[in-house]
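Okay, so here's the structure we're looking at.
All of the numbers you see were taken from the coordinates with simple rules; none came from a lab. Keep in mind the model is a prediction, meaning the values are calculated, not measured. Glycine gets a Cβ as well: all are built from the backbone with ideal geometry, and neighbour counts include every protein chain shown.
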Amino acid sequence: MRTLLRFIVRYQFVLIFLLLEGVSIWLLASNNFYQRAAFGNITRGISGNIYRRIESATKYLRLNDANEHLLRENIVLRSRLAQLTVHLEEYSHLAVDTSYDKGFIFVPARIISNSVDKQHNYLMINVGRKHGVAEEMGVVSSDGVVGIVTAVSENYATVISLLNIDLKISARVKKNRYFGSLYWNGKDYRQVVLSEIPNHVLLTKGDTVVTSGFSSMFPADLLLGTVREVDKSLGNFLNVTIDLAEDFRKVDHVWVVKKYN
């Protein structure tokens, strides 16, 4: 309080001047149309700028809620798409083995730990046993396959990344349905290798590679990447370099794929 009183006493003339100046401006703006309009424009500009900044800050704070809402919507859409695929296949008699149910449900998760610069890369996600996650469940993102769950605790799970030289998954070329094994060779984190494709198969740069559907871990036709280069020097089989659809340095939100029984 003493400091405030000393400040007022020290700057009393300045404060009185500012007060009188403010009163003068208010009287001028209140009794003169032109000044009132100009003053209103100035105050609206200042208040508008303040409100805009407040709204921007509020939107930023609401981003997490918006992301969670989008995740829930994606889960519903993915589940409906998987169930629709089952019904279409049953209707068109494409499902040869009727005991093999191709329905899947999806559990949302976030990656809390990730690596891309090792030969054996793993991820950790923030869902576990109490969320229905178990070993050998697939993990996918909006852009492609991420990996397979290898260990689960109550609230977390460890995932072997697609960028792990020990992991192979079944994949096929979308346009001609030839399938083979897709794996990472430990070099470029943006590229993997598709092997066991017969040498007579015609592949061109940009051809789409997807999951084969032969595994219960992943639905069929999930995007993996596109053909970058074809090596025909290995005899009876092609060695195909694939550009991954997923950028593992940026992946954040994922889904654990559960077989629907």
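Can you grab the distance from the C-alpha centre of segment 211-261 to the C-alpha centre of segment 100-155, Å, no decimals? That distance is 15 Å.
Sorting 222-228, 180-186, 110-116 by their mean Cβ neighbour count within 10 Å, with the most densely packed peptide first, gives 222-228, 180-186, 110-116.
Among residues other than residue 116 with Cβ under 13 Å from its Cβ, the summed charge is +1 (Lys and Arg +1, Asp and Glu -1). Compactness of segment 115-261, taken as the C-alpha radius of gyration over 2.2 N^0.38 Å, stands at 1.04. Coupling constants for segment 133-150 follow from the phi torsions by the Karplus curve (6.51 cos²θ - 1.76 cosθ + 1.60, θ = phi - 60°), and in residue order they are 8, 9, 4, 6, 9, x, 10, 10, 10, 5, 10, x, 7, 10, x, 9, 5, 10 Hz; glycine and proline get x.
For the cross-link pairs 175/232; 187/250; 130/250; 168/205; 168/258, the ones whose C-alpha atoms lie over 24 Å apart are 130/250.
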